[in-house]
Amino acid sequence: MIIILGTIKWLFFDVGSTLVDESIVYEKRMRNVAKTANVTYEYVYETALELYRQNKKGDLETIKLLNVEKPKWNFEDEIYRLSYCFSRRRGIQT
């Protein structure tokens with residue numbers, strides 16, 4: 001492995017909705033799970049939140065709990081926030 005020092009200018013770690021807002025994807029996934037499992041969206045949401053609080057993957061664990069098929073991830077509903085992040089870094093208001 002060759003390491004070239006001084007050439008990397010930016011390194012990003014997306015730790016959750018920093019560069020990509022996935023909130024719409026998660027909401028649609030949870031609504032789909034609720035419909036398939038014949039339970040309320042609120043039940044799915046609250047169950048997932050409780051599991052997230054336990055440091056578990058709330059959406060996936062809720063899907064397992066309800067014994068339903070995992071809905072596909074809708075990449076088209078992701079909102080990319082790169083321009084927002086770069087403009088904030090430079091102090092530009094968007």
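What follows draws every value from the coordinates through simple rules; no lab data is involved. As the structure is a prediction and not an experimental result, all values here were calculated from the model. As a convention, Cβ positions derive from the backbone with ideal geometry for all residues, glycine included, and neighbour counts pool all protein chains shown.
Key figures
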item: Subset of the stretch 36-56 (residues that are in a helix (DSSP H, G or I) and exposed (fewer than 14 other Cβ atoms within 10 Å of the Cβ)); result: 42, 46, 49, 50, 53
item: First in the stretch 54-80 and closer than 22 Å to residue 39 by Cβ, second anywhere and buried (at least 16 other Cβ atoms within 10 Å of the Cβ) and of a type in the set (Gly, Ala, Ser), Cβ under 7 Å, 6 or more apart; result: 58/48; 59/48; 62/48; 66/37; 68/37
item: Considering residues of the stretch 34-56 that are of a type in the set (D, E, K, R) and within 17 Å of residue 70 (Cβ to Cβ) only, the residue nearest to the chain's Cα centre (by Cα); result: 56
item: Residues within the stretch 18-43 that are touching a Lys or Arg at 6+ places or on another chain (Cβ under 8 Å) and farther than 25 Å from residue 80 by Cα, tallied; result: 1
item: Residue in the stretch 57-75 that is surrounded by the fewest Cβ atoms within 10 Å (Cβ to Cβ), counting only those that are more than 13 Å from the chain's Cα centre (by Cα) and part of a helix (DSSP H, G or I); result: 64
